[in-house]
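Visitor: Please read through the structure below; I'll follow up with questions.
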Amino acid sequence: MFSGGGMLSAFFLPATVLVMWIAAPLGWVELTVYDSFAALAHHFVVRLGLFGFVSLAFFHWAHRFRYTLYDGLQLYHLTDLIAVLTYGSAAILSLAAGVILLIL
Amino acid sequence: MTQPVIFEIQRYRPEIEDEPTWESFEVSCRPEWMILDALNHIKDYVDGTLSYRWACRMGVCGSCGMLVNGKPVLSCATYVTSVLPGPVRVEPLRGFPVIRDLVGDITDFVRKLESVKPWIVRESEQPLEEGEYLQTPEELGEYKQYSMCINCMLCYSACPIYELDPDFIGPAVIALAQRYNLDSRDEGSEERKDILLSQDGIWSCTFVGECTTVCPANVDPAGAIQRYKVTATVDAFKALLPWASR
Amino acid sequence: MGEPVNPGYTEHHAKWHRRRIPIFWWLGNAAYTKFIVRELTSLAVGYAALVLVFQVWSLERGPESYAHFVSWLQLRPVVTLHVVVLGALVYHSVTWLNLAPRALVLRLAGRRLPGAVVLLLHYGAWLVASAAVLWLLLAA
């Protein structure tokens, strides 16, 4: 899951962030109109894909951050706590994403 | 045509001190000298109590690993001229408890190496009359790089994970396990799996990559470890498939 | 050597030394520092995923809530933050893809693919994925 999240985020996130959160707010590009955007986001396939993608991204972060805390800050003695905090938050975030994307 | 060079060498003599100390030596070095030559000069003419390991003096035995100006190198393979101007800092390899001066205890490495069965493991041996096990150059090429390891442990010194988490089995051990896993004559991959796939095995590695950078034999242990991660992950998925044979 | 003078030392009882690892060990060496920075990009990945979900959620709640989200995106400090996030994400992508040939040994017709080819394939995939995103967001 870690490498899947890493690979997918490496491929898709930079362009996404560049267009939606930098170019569009700064007015460099015109994002599609609200209605068609909403329609796009409504599409079940898109939502399923998004859910899979963000879940993998959350777990990628959790796994990597856990090791960064161990190695970077030498927190090996807190191993159980860190595992619960990182994987736990990833699970909760994925669950929330699932509810938002697939149910609402 | 000698040149005076200052060496700052870490001393540790538990019978007189609790913590390591630094001692400076000025050595007139010849242009072709290695660090080892300077150390031998100090031991022969200045302070016979200086302790360090060395043997072949030509970069094949792996005995003389130490930190020179913070980098893990073989002292017999590092020119003094490459670390000029002084002072040159010499310390024992990181990650291993220091017994005395530049000598570290490597029992941990040896135990871990033994645990991955670094020899050809077979169900049954071919009878002698059938001759030797044949292997094509391509089959040899699969593992040859990993067989070049001289057990010098520079990679252990370079690996921050090993020092932070001494249970980690470490780069050389994994590379050597792979050397046998990828050897066509070997049938022992299953036996090595438990250790390699344990928490202290490949999964402790976060691909810093320094092990490969310092390796004097071009083994690329980092590559070996990542390749095994991919293999293990793919195998895990395959085992999940309904038609997999367990 | 003479008699031992260290009171903490008992003869024939080995007293090996392990150094204490400094808290900022990774600042001492450029390779280690780059490693930690590389690992910290995972925060950017997690953050981006989070805001992405939030974006879809505000879309869901109607044009007003979405307009609110868009105006948040346009705030100076937010744009600056996102430029930093983009930098981190690009660093994540580049370091991730560059390491791919070390981990992936691919074979075509029995011959091993050179690392440069594996690398090119990965960068090609990145290009295609980015183009797909651009098309999806701008043209569709």
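Visitor: Can you name every residue in the range B:126-145 that is aliphatic (A, V, I, L, M) and loosely packed, with under 10 Cβ neighbours inside 10 Å?
Guide: Within the range B:126-145, the subset aliphatic (A, V, I, L, M) is B:128, B:134, B:140.
Hits for the range B:126-145 are B:Leu128, B:Leu134.
Visitor: Right, another one. So A:Ala41 passes all but one of these: (1) within 22 Å of C:Glu60 (Cβ to Cβ); (2) touching a residue at least 24 places away in the same chain (Cβ under 8 Å). Which condition number does it fail?
Guide: Result: A:Ala41 passes all but (2).
Visitor: Which is in contact with a strand residue (DSSP E or B) (Cβ under 6 Å, 6 or more places away or on another chain) and in the same structural domain as B:Asp220 (by TED's automatic domain parsing), of B:Ser147, B:Ser157, B:Ser115, B:Ser189? Before the answer, list the steps.
Guide: Numbers: B:Ser147 fails: in contact with a strand residue (DSSP E or B) (Cβ under 6 Å, 6 or more places away or on another chain); B:Ser115 fails: in contact with a strand residue (DSSP E or B) (Cβ under 6 Å, 6 or more places away or on another chain); B:Ser189 fails: in contact with a strand residue (DSSP E or B) (Cβ under 6 Å, 6 or more places away or on another chain).
Unique residue meeting the criteria: B:Ser157.
Visitor: Can you tell me which residue is farthest from the other protein chains (Cβ to nearest Cβ) among those in the range A:69-104 that are without any contact (Cβ under 8 Å) to a residue 40 or more places away in the chain and crowded, with 22+ Cβ neighbours inside 10 Å? Please lay out each step first, then the result.
Guide: Step one: filter the range A:69-104 for residues without any contact (Cβ under 8 Å) to a residue 40 or more places away in the chain, giving A:69-93, A:95-96, A:99-100, A:103-104.
Add one more test, that the residue is crowded, with 22+ Cβ neighbours inside 10 Å, and what stays is A:71, A:86, A:90.
Working: A:Asp71: 6, A:Thr86: 10, A:Ala90: 8 Å.
Per the criteria, the residue is A:Thr86.
Visitor: While we're on this one: Right, B:Cys56: over 30 Å from B:Gly201 (Cα atoms), without any contact (Cβ under 8 Å) to a residue 60 or more places away in the chain, surrounded by fewer than 18 Cβ atoms within 10 Å (Cβ to Cβ) and hydrophobic (A, V, I, L, M, F, W, C) or not?
Guide: Working: over 30 Å from B:Gly201 (Cα atoms): yes; without any contact (Cβ under 8 Å) to a residue 60 or more places away in the chain: yes; surrounded by fewer than 18 Cβ atoms within 10 Å (Cβ to Cβ): yes; hydrophobic (A, V, I, L, M, F, W, C): yes.
Spelling it out, B:Cys56 is indeed over 30 Å from B:Gly201 (Cα atoms), without any contact (Cβ under 8 Å) to a residue 60 or more places away in the chain, surrounded by fewer than 18 Cβ atoms within 10 Å (Cβ to Cβ) and hydrophobic (A, V, I, L, M, F, W, C).
Visitor: Also, I was wondering about something else. What number of residues within the range B:1-21 satisfy the criterion of being in a strand (DSSP E or B) and either of a type in the set (D, E, K, R) or within 13 Å of another protein chain (Cβ to nearest Cβ) (or both)?
Guide: 4
Visitor: Shifting gears a bit: Please state which one of A:Ala57, A:Ala15, A:Ala23, A:Ala62 is touching a Phe, Trp or Tyr at 6+ places or on another chain (Cβ under 7 Å), within 21 Å of C:Ala88 (Cβ to Cβ) and facing chain C (nearest Cβ under 10 Å). Before you say what the answer is, go through the steps one by one.
Guide: Working: A:Ala57 fails: touching a Phe, Trp or Tyr at 6+ places or on another chain (Cβ under 7 Å); A:Ala15 fails: touching a Phe, Trp or Tyr at 6+ places or on another chain (Cβ under 7 Å); A:Ala23 fails: touching a Phe, Trp or Tyr at 6+ places or on another chain (Cβ under 7 Å).
Only one candidate qualifies: A:Ala62.
Visitor: Let me ask something else. For the range C:73-104, name all the residues that are free of Cβ contacts under 8 Å to residues at least 12 places away in the same chain and within 11 Å of chain B (Cβ to nearest Cβ).
Guide: Matches in the range C:73-104: C:Trp96, C:Leu99, C:Ala103.
Visitor: Tally up the residues in the range C:19-36 that are surrounded by 13 or more Cβ atoms within 10 Å (Cβ to Cβ) and part of a loop (DSSP other than H, G, I, E, B), please. Even if it seems obvious, please write down each step before you answer.
Guide: So the first thing to find is which residues in the range C:19-36 are surrounded by 13 or more Cβ atoms within 10 Å (Cβ to Cβ), and the list is C:19, C:21, C:25-26, C:29, C:31-36.
So of that shortlist, the ones also part of a loop (DSSP other than H, G, I, E, B) come out as C:19, C:21, C:29.
Qualifying residue count, the range C:19-36: 3.
Visitor: Being within 14 Å of chain C (Cβ to nearest Cβ), touching a residue at least 60 places away in the same chain (Cβ under 8 Å) and not in a helix (DSSP H, G or I) narrows it down to one of B:Pro216, B:Pro166, so name that one. Explain how you work it out, then say what you get.
Guide: On the way: B:Pro216 fails: within 14 Å of chain C (Cβ to nearest Cβ).
Every option except B:Pro166 fails the conditions.
Visitor: Can you tell me which residue within the range B:187-205, out of those that are surrounded by 19 or more Cβ atoms within 10 Å (Cβ to Cβ) and not basic (Lys, Arg), is farthest from B:Gln226 (Cα to Cα)? First the steps, then the outcome.
Guide: Within the range B:187-205, the subset surrounded by 19 or more Cβ atoms within 10 Å (Cβ to Cβ) is B:188, B:192, B:196, B:201-202, B:204-205.
Applying the additional criterion that residues be not basic (Lys, Arg) yields B:188, B:196, B:201-202, B:204-205.
Details: B:Gly188: 20, B:Leu196: 12, B:Gly201: 12, B:Ile202: 8, B:Ser204: 11, B:Cys205: 9 Å.
Among those that are surrounded by 19 or more Cβ atoms within 10 Å (Cβ to Cβ) and not basic (Lys, Arg), it is B:Gly188.
The values are calculated or read from the model by the stated rules, or taken from the named source; none is laboratory data. Everything numeric in this text was worked out from a predicted model, so none of it was measured. Every residue, glycine as well, gets a Cβ built from its backbone with ideal geometry; the counts of neighbours run over all protein chains shown.
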